[in-house]
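Let me begin by presenting the structure, written as structure tokens, before commenting on it.
Just so you know, all these numbers are worked out from the coordinates, no wet-lab data involved. These numbers come from a predicted model, not from an experiment. When we count neighbours, we look across all protein chains shown, and the Cβ atoms used for this are built from the backbone with ideal geometry, even at glycine.
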Amino acid sequence: MYQYDQFDHQFVAERVANYRAQTGRFLAGELSEEQFQHLRLRNGLYLQRLAPMLRVAVPYGTLSSLQLRALAAIARDFDRGYGHLSTRQNMQYNWPELADVPDILEALAKVEMHAIQTSGNCIRNVTTDQFAGVAADELLDPRPYCEIIRQWSTSHPEFDWLPRKFKIAVTGARHDRAAVDVHDIGLHVYLDDNGERLVDVKVGGGLGRTPVIGCVIRRGLPMIHLLTYLEAIMRVYNRYGRRDNKFKARIKILVRAMGEEGFREKVDAEWSELEGSPSTLTAEEISRIESFFEPPEYPKIDDGIASLAQQRLENPAFSRWVEHNVAPHKVSGYAVVTLSTKVTGVPPGDVTDRQMEAVADWADDYGFGEIRIAHEQNFVLPDVPVKSLYALWERALQAQLAEPNVGLLTDIICCPGGDYCSLANAKSIPVAEAIQQRFDDYDYLHDLGPIDINISGCMNACGHHHVGHIGILGVDKKGQEFYQISLGGSAGNDSALGQIVGPSFSRAEMPDVLAIILDVYVNLRADDETFLETYRRVGIEPFKERIYVSAD
Amino acid sequence: MSALIEFDQVSGLLRGTERGPVALTLLAAEEWTPESEAGLLLAVDDELQPQFANASLIAVEFPSFHDGRGLSLAVLLRTRLGYTGELRAVGDVHPDLIHYLRRCGFDSFLLPEGRQVGLEDAVLAPYSDYYQASVVEPHPAFRRSRRIAHFGDR
């Protein structure tokens with residue numbers, strides 16, 4: 001993974017000093033609330049319902065075991081012993097003291113981490129495929145380009161004060177696990193037949209109040225032009241994006257207003273002035289950054305398949321876990337393991353300091369000391385020898401990180417919601433918990449197959465409800481918390497936005513309504529159809545009928 | 001009273017100045033002509049016009065300190081139009097953002113009343129170097145010897 005050089009160390013150290021001084025001036029009354037708000041938001045600090053929330057950047061979701069131990073220590077020393085994995089692959093702390101934040105940043109800087117641009121109207125932490133570098137279906141490792149974009153976007157002179165937040169995602173695999181279609185900019189990197197690095201650029205996707213699937217504005221851009229092309233897009237957005245209404249300020253609204261063609265022309269005209277300028281990447285710089293992401297020397301080991309089959313036969317619980325939580329690795333004898341945080345009774349994505357330390361230990365014992373955070377709010381161990389899966393599973397069971405539910409109904413994506421967030425209309429965590437409690441029969445869950453339930457507590461859509469196969473949105477009805485359900489959303493290669501079924505439901509009704517939806521699916525599915533496939537074949541009507549007939 | 005901060009070419013530092021808000025008259029783009037003695041006052045959403053390059057002074061007015069349009073306008077004035085005269089940020093200018101303004105080509109900054117606190121170097125120039133190219137540093141760090149020399153020094 002990437003390692004800081006002296007340049008990075010110095011920049012982050014200066015950022016800590018700068019932020020410490022700003023905090024001091026705010027506490028001394030020299031900066032107003034409004035002035036400090038914009039400054040602290042450039043450094044991940046929100047003032048929430050109960051306490052400040054600090055969002056720590058985990059660049060493209062990659063962590064070392066050393067870094068994860070430091071995050072555990074911060075949870076213990078400055079918070080209440082836990083942290084929260086966000087849907088943007090970051091780590092959030094819900095209970096730090098405002099005055100302690102500079103010390104937290106200093107602790108982070110020691111392990112090459114920061115909270116720069118994790119909130120505010122600027123370019124946010126770049127996200128990618130949690131299986132990057134190890135996925136069997138990868139065309140080109142996206143992480144070097146994420147790092148190049150991280151450096152370029154850090155305190156950019158021109159693009160740190162945008163109309164609205166700006167999210168970039170990069171994928172390099174056949175199967176898109178980074179949801180690039182629903183980002184302000186989505187990049188698909190790959191090699192052409194001559195081995196040249198190319199990138200397809202999508203723009204204007206997003207969730208929130210106006211969900212949109214992004215459109216391709218450039219295909220086959222040679223990688224050296226990545227930054228100048230991004231610069232052209234950002235300049236058009238920074239100049240012409242709306243600033244009068246925060247709900248119309250995202251780039252998707254600008255793209256719609258100008259039209260796809262009009263926007264492309266504007267960007268191309270701007271880029272014609274920038275093409276070949278000094279920000280053009282050099283082959284040396286690309287190889288320098290790529291060198292950090294060279295695959296480790298994988299010791300040649302037995303593929304482990306025979307003994308794994310035996311272990312699975314002997315232990316059905318282990319077998320279930322392998323079936324759902326273990327993905328293929330590009331090197332024979334290794335596997336990619338997802339450690340699910342979606343255990344009933346625990347808010348999705350919440351992890352304790354001890355769990356973090358345990359995961360760090362496993363990354364050292366069964367890998368090369370590397371951990372990923374998935375946007376589905378789970379941990380991933382990327383390089384586990386197949387022969388060690390059983391030992392890892394036993395330890396994960398003890399630590400409550402072995403729920404065999406990755407991709408299943410109970411692997412719910414959920415924002416912090418009204419329990420923590422001051423923007424929320426409704427709580428989201430108790431809904432997730434009620435669903436997990438109601439559907440706790442593994443055989444039923446496995447029979448249902450892959451179903452994504454995504455829950456957001458408000459229109460800002462941090463829980464990505466639009467792209468859940470079943471999406472749940474908290475709404476406020478005359479001061480009461482209600483939940484609107486949409487069906488048929490999907491993130492990935494076949495992105496789609498869910499369709500709302502109809503009037504919303506109270507929290508107490510939700511598990512029953514879910515049961516009806518699942519029942520309709522089970523009755524209508526043909527052969528091995530997944531929920532999404534059945535939905536796409538039969539449409540929303542059969543679901544609607546059953547839900548509202550029963551509700552009457 | 002308002003405070004003017006200027007970039008000192010000799011020392012390379014930003015300094016508060018005694019000259020105060022300069023009395024030069026400013027005219028908005030609709031009224032200004034290349035013949036006028038007055039400086040040119042631009043709104044952040046004004047489009048570029050070639051004759052702007054001849055202005056004696058251009059001031060860009062920030063409606064709020066966190067409105068970044070003035071940053072792009074400054075970059076275009078410097079790099080697209082080749083304007084070399086004084087480029088001043090006026091309006092809701094914040095000391096903590098001067099390091100962005102400076103890198104986009106502004107060289108003087110008129111702070112509104114009550115914003116004079118905290119004008120030490122730590123506020124005005126908190127970083128010794130940046131990753132990207134900018135108006136004042138046309139080469140990104142990866143093309144400069146300083147970064148290249150550190151390559152391998154991890």
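Rounded to the nearest 20 debye, the dipole size of the stretch A:414-551 about its Cα centre is 620 debye, using +1 on the Cβ of Lys and Arg and -1 on the Cβ of Asp and Glu.
Projecting the Cα atoms of A:Gly133, A:Thr282, A:Val236 onto the charge dipole of chain A (Cβ charges, centred on the Cα centre) puts A:Val236 farthest toward the positive pole. With the simple model of a label 7 Å out from the Cα in the direction of the Cβ, A:Val538 to B:Glu120 spans 7.0 nm. The charge dipole of chain A, taken about its Cα centre with unit charges on the Cβ atoms of Lys, Arg (+1), Asp and Glu (-1) only, comes to about 1820 debye. For a paramagnetic label modelled on A:Val343 (point 7 Å from Cα along Cα→Cβ), amide N atoms under 16 Å away belong, within the stretch A:63-87, to A:81-85. Counting neighbouring beta carbons within 10 Å and listing from fewest to most, the residues A:Leu497, A:Leu39, B:Leu77 come out as A:Leu497, A:Leu39, B:Leu77. A Förster radius of 51 Å, combined with the Cβ-Cβ distance separating A:Arg242 from A:Ser307, puts the computed FRET efficiency at roughly 0.30. Here's the picture: a label point sits 7 Å out from the Cα of A:Glu196 along the beta-carbon direction, and within the stretch A:210-234 the residues with their amide nitrogen under 19 Å of it are A:217-230. Within chain A, the selection of entire DSSP H helices by a Cα span of 20 Å or greater along the long axis and an average Kyte-Doolittle value of at least -1.0 returns A:6-27, A:226-240, A:510-524. Dipole check for the stretch A:6-110: with +1 at the C-beta of Lys and Arg, -1 at the C-beta of Asp and Glu, and the Cα centre as origin, the magnitude is about 320 Debye. Considering only beta bridges that DSSP places wholly inside the protein assembly as shown, some 70 percent are antiparallel. Can you give me the C-alpha center-to-center distance between the stretch A:301-372 and the stretch A:6-72, rounded to a whole angstrom? Comparing the Cα centres of the stretch A:301-372 and the stretch A:6-72, I get a distance of 32 Å.
What the Cβ-Cβ distance of A:Asp512 and A:Ser291 gives, at R0 = 60 Å and to the nearest 0.05, is a FRET efficiency of 0.60. Along the axis of the charge dipole computed for the protein assembly as shown (Cβ charges of +1 for Lys and Arg, -1 for Asp and Glu, origin at the Cα centre), the listed residues B:Thr84, B:Pro63, B:Val135 are led at the positive end by B:Pro63. Between amide H atoms placed 1.01 Å from N, distances below 5 Å from B:Ala3 occur with B:Leu111, all of them 5 or more places distant or on a separate chain. Annotation: for a label point projected 7 angstrom from Cα along Cα→Cβ of B:Asp92, residues of the stretch A:26-43 with backbone N closer than 14 Å are A:32-39.
Amide H contacts of B:Leu42 (H built 1.01 Å from N, in plane; Pro and chain starts excluded): B:Ala59, B:Val60, B:Glu61 sit under 5 Å, all sequence-distant by 5 or more or on other chains.
Each distinct pair of alpha carbons in the stretch A:356-457 adds a 1/r term; the inverse of their mean, the Kirkwood radius, is 15.3 Å.
With labels modelled as points extended 7 Å from the Cα through the Cβ direction, what inter-label distance (nm, one decimal) is found for A:Glu106 paired with A:Asp77? Distance between the two pseudo-spin positions: 0.9 nm. Here the label points at B:Ser36 and B:Val136, each 7 Å from Cα along the C-beta direction, are separated by 2.9 nm in the simple model. Full extension of the segment from A:Tyr548 to A:Asp440, taken as 0.36 nm per residue of separation minus the current Cα-Cα distance, would add 36.4 nm. Pairs from the table (A:Lys342/A:Lys478; A:Lys110/A:Lys300; A:Lys202/A:Lys478; A:Lys252/A:Lys427; A:Lys266/A:Lys427; A:Lys202/A:Lys330) lying more than 30 angstrom apart at Cα are A:Lys342/A:Lys478; A:Lys110/A:Lys300; A:Lys202/A:Lys478; A:Lys266/A:Lys427. Tell me, in nm to one decimal, what length is gained between B:Asp45 and B:Asp8 on full extension, where the rule is 0.36 nm per residue of separation less the Cα-Cα distance? Taking 0.36 nm per residue and subtracting the Cα distance, the gain is 10.5 nm. Apply the a/c threshold of 1.5 to the C-alpha gyration tensor of the protein assembly as shown and tell me whether it is rounded, prolate or oblate. Judged from the Cα gyration tensor, the protein assembly as shown comes out prolate (a/c at least 1.5, a/b above b/c).
Give me D for the stretch A:6-110 in µm² s⁻¹, whole number, from Stokes-Einstein with Rh from the Kirkwood sum over alpha-carbon pairs, 25 °C and 0.890 mPa s. Rounded to a whole number, D works out at 172 µm²/s.
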